[in-house]
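Before any comments, here is the structure.
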Amino acid sequence: MAVDTLETVRAADRAPEAERAGTERICEQCGAPFQGRRDKRFCCDPCRTRFGRERKERAVQATIDQLAQMAGVDATEMLKRNS
């Protein structure tokens, strides 16, 4: 292996450490500060899971509201009838 190639491999191995150093992030779910990669959005798995579930619930509720509006009824009334 050539010296240039070896240096390139070593530099690539150090890159993730350099990306983590000094990158303080804010969790999109709970707002807590945390250290992490540049693309990390959540401080922990429970926050990531909670964010995904809440996003899915909002999408379902938006669909229900849209269908209720098309039917010309109140969404809560429509849900009560189907329960």
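The values are calculated or read from the model by the stated rules, or taken from the named source; none is laboratory data. Treat the numbers as computed from the prediction; the structure is a model and nothing was measured. No Cβ is skipped: glycine too gets one built from the backbone with ideal geometry, and neighbour counts run over all protein chains shown.
Looking at this structure, is residue 37 assigned to a loop (DSSP other than H, G, I, E, B), touching a strand residue (DSSP E or B) at 6+ places or on another chain (Cβ under 9 Å) and modelled with pLDDT of 60 or more?
yes
Test residue 19 against the stated conditions and say whether it is at pLDDT below 90, surrounded by 12 or more Cβ atoms within 10 Å (Cβ to Cβ) and of a type in the set (Asp, Glu).
yes
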